[in-house]
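Undergrad: Pasting in a structure now, in structure tokens, and then I'll have a few things to ask.
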Amino acid sequence: MITKEEARRRALAYIEERPSAHAHEMVLVDALTQEEDFGWVFFYDSKRHVETGDRQWALGGNAPLIVDRRTGELHVTGTALPTEHYIAVYRRDGHLQRAHENAATLRTLTHVPDLVECKLPEIADTSNLRAVGWLARWHDYARGEVSAEFMGALVGLLVEPWQPLEYDGVHQCPFCRFTGGPGTVRFGFTTVSVGNSNLFVPAKDVIYVAPSLIAHYVDAHDYAPPEQFQQAVLTCPAMRSFAYLKAIRERSRSLVAARRGDRLP
Ligand SMILES: [Zn+2]
């Protein structure tokens with residue numbers, strides 16, 4: 001066990017050894033320090049930026065530092081994902097490997113054509129799953145008008161979408177060139193998070209699987225999902241209702257099994 005003062009000293013030692021320490025005087029931004037169950041998260045920046053608030057002096061790549069109170073170890077997070085993501089992964093795993101992997105795959109969301117089998121990792125049998133909205137840069141996709149009624153229903157399902165697996169990747173919009181797209185979509189009085197979950201919509205015989213970013217693709221990039229998906233969204237039972245879960249279970253036992261953490265034989 002180490003104290004906060006000792007943890008802070010280790011964070012300071014780290015930033016003083018950074019190559020850019022010669023060019024900029026760097027300081028810990030103590031007002032931002034976060035105390036977590038596992039230790040502390042320290043933030044740092046150039047002294048000049050902290051004092052002047054002028055963005056031109058802001059450091060790049062100054063990923064927050066985690067110092068573990070139990071081991072005293074220092075872990076460098078990243079800047080590709082929100083800091084909360086690194087913290088959540090560290091709290092769960094005790095290391096950041098998964099977070100760094102997620103950051104690495106961030107911009108390479110797999111392209112899957114609409115309506116083909118959606119081979120989700122860790123789902124034993126995906127034969128009843130159909131991909132919708134797995135768009136990627138340099139791959140053309142269907143564009144066209146969609147009804148506001150459909151958009152409303154889609155956003156409604158995304159308020160708290162049922163997830164078979166704990167999902168810790170972050171999808172960025174491949175078409176929003178510089179920003180990676182928004183983290184939320186607002187429609188009417190409803191605001192939903194996008195990029196951090198998938199949507200499962202039962203239809204007649206299959207389940208459509210869409211990344212939550214689909215709401216942004218429809219809103220901002222003219223995407224027109226397949227007609228049968230639109231119909232399924234419009235007629236989908238209320239998210240997480242008994243009817244919804246029953247419809248999922250009847251079409252894919254693997255999804256429900258994954259949710260329980262079971263492994264199918
Ligand atoms: Zn976008």
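Undergrad: For the stretch 174-184, state whether one or more residues are assigned to a strand (DSSP E or B) and among the basic types (K, R).
TA: Here is the first cut: in the stretch 174-184, the residues assigned to a strand (DSSP E or B) are 184.
After this cut, where a residue has to be among the basic types (K, R) as well, the list is none.
Looking through the stretch 174-184, none of the residues is assigned to a strand (DSSP E or B) and among the basic types (K, R).
Undergrad: Can you pull out the residues in the stretch 173-222 that are aliphatic (A, V, I, L, M), under 29 Å from S127 (Cβ atoms) and touching a His at 6+ places or on another chain (Cβ under 9 Å)?
TA: V194, L213
Undergrad: Related question: Please find, within the stretch 170-191, the residue that is farthest from the ligand (Cβ to nearest atom) out of those that are farther than 18 Å from G152 by Cα and aromatic (F, W, Y).
TA: Applying the filter and picking the extreme gives F178.
Undergrad: Being farther than 24 Å from E5 by Cα and in a helix (DSSP H, G or I) is the filter here, so list the residues in the stretch 50-63 that pass it.
TA: Scanning the stretch 50-63 gives T52, R55, Q56, W57.
Undergrad: Sticking with this structure for a sec: Could you please give the count of residues in the stretch 195-211 that are in a loop (DSSP other than H, G, I, E, B) and within 14 Å of M239 (Cβ to Cβ)? Explain how you work it out, then say what you get.
TA: Here is the first cut: in the stretch 195-211, the residues in a loop (DSSP other than H, G, I, E, B) are 195-197, 203-206.
Remaining after also requiring within 14 Å of M239 (Cβ to Cβ): 197.
Looking only at that region, the number is 1.
Undergrad: So, R259, is that one among the basic types (K, R) and under 23 Å from the mean Cα position of the chain (by Cα) or not? First the steps, then the outcome.
TA: Values: among the basic types (K, R): yes; under 23 Å from the mean Cα position of the chain (by Cα): yes.
Yes, satisfied.
Undergrad: Which residues, counting only those in the stretch 182-212, are touching a residue at least 12 places away in the same chain (Cβ under 8 Å) and within 12 Å of the chain's Cα centre (by Cα)?
TA: Of everything in the stretch 182-212, those that are touching a residue at least 12 places away in the same chain (Cβ under 8 Å) and within 12 Å of the chain's Cα centre (by Cα) turn out to be P182, G183, S193, V194, G195, N196, S197, N198, P211, S212.
Undergrad: Something else now. Being touching a strand residue (DSSP E or B) at 6+ places or on another chain (Cβ under 9 Å) and among the charged types (D, E, K, R) is the filter; apply it to the stretch 160-203 and report the residue that is nearest to E149 (Cα to Cα).
TA: Result: R186.
Undergrad: Can you tell me which of (1) crowded, with 16+ Cβ neighbours inside 10 Å; (2) in contact with a helix residue (DSSP H, G or I) (Cβ under 7 Å, 6 or more places away or on another chain); (3) under 29 Å from G180 (Cα atoms) is the one V27 doesn't meet?
TA: With respect to (1) crowded, with 16+ Cβ neighbours inside 10 Å; (2) in contact with a helix residue (DSSP H, G or I) (Cβ under 7 Å, 6 or more places away or on another chain); (3) under 29 Å from G180 (Cα atoms), V27 is out only on (3).
Undergrad: Moving to a separate point now. Restricted to the stretch 213-222, and to residues that are within 18 Å of G156 (Cβ to Cβ) and surrounded by fewer than 23 Cβ atoms within 10 Å (Cβ to Cβ), which residue is nearest to the ligand (Cβ to nearest atom)?
TA: From the stretch 213-222, those within 18 Å of G156 (Cβ to Cβ) are 213-219; that's our starting set.
Okay, now just the ones that are also surrounded by fewer than 23 Cβ atoms within 10 Å (Cβ to Cβ), so 218-219.
Numbers: V218: 11, D219: 9 Å.
Per the stated criteria, the residue is D219.
Undergrad: Let me ask something else about it. Any idea how many residues of the stretch 73-120 are part of a loop (DSSP other than H, G, I, E, B), surrounded by 13 or more Cβ atoms within 10 Å (Cβ to Cβ) and at pLDDT 90 or above?
TA: 7
Undergrad: Which of the following residues is at pLDDT 95 or above, of a type outside the set (S, T, N, Q), crowded, with 16+ Cβ neighbours inside 10 Å and over 16 Å from A131 (Cβ atoms): F187, F229, F200? Let's see the steps before the verdict.
TA: Working: F229 fails: over 16 Å from A131 (Cβ atoms); F200 fails: over 16 Å from A131 (Cβ atoms).
Just one listed residue meets the conditions, F187.
Undergrad: Kindly indicate which of D45, D37 is part of a strand (DSSP E or B) and not β-branched (V, I, T).
TA: Working: D37 fails: part of a strand (DSSP E or B).
Sole residue among the options that is part of a strand (DSSP E or B) and not β-branched (V, I, T): D45.
Undergrad: Still on this structure, I have one more. Return the only residue of A247, A257 being within 26 Å of R92 (Cα to Cα) and not in a loop (DSSP other than H, G, I, E, B). Write out each step before concluding.
TA: On the way: A247 fails: within 26 Å of R92 (Cα to Cα).
Exactly one residue qualifies, and that residue is A257.
The values are calculated or read from the model by the stated rules, or taken from the named source; none is laboratory data. All values derive from a computational prediction rather than experimental measurement. Ideal geometry is used to build each Cβ from the backbone, glycine not excepted, and the neighbour counts take in all protein chains shown.
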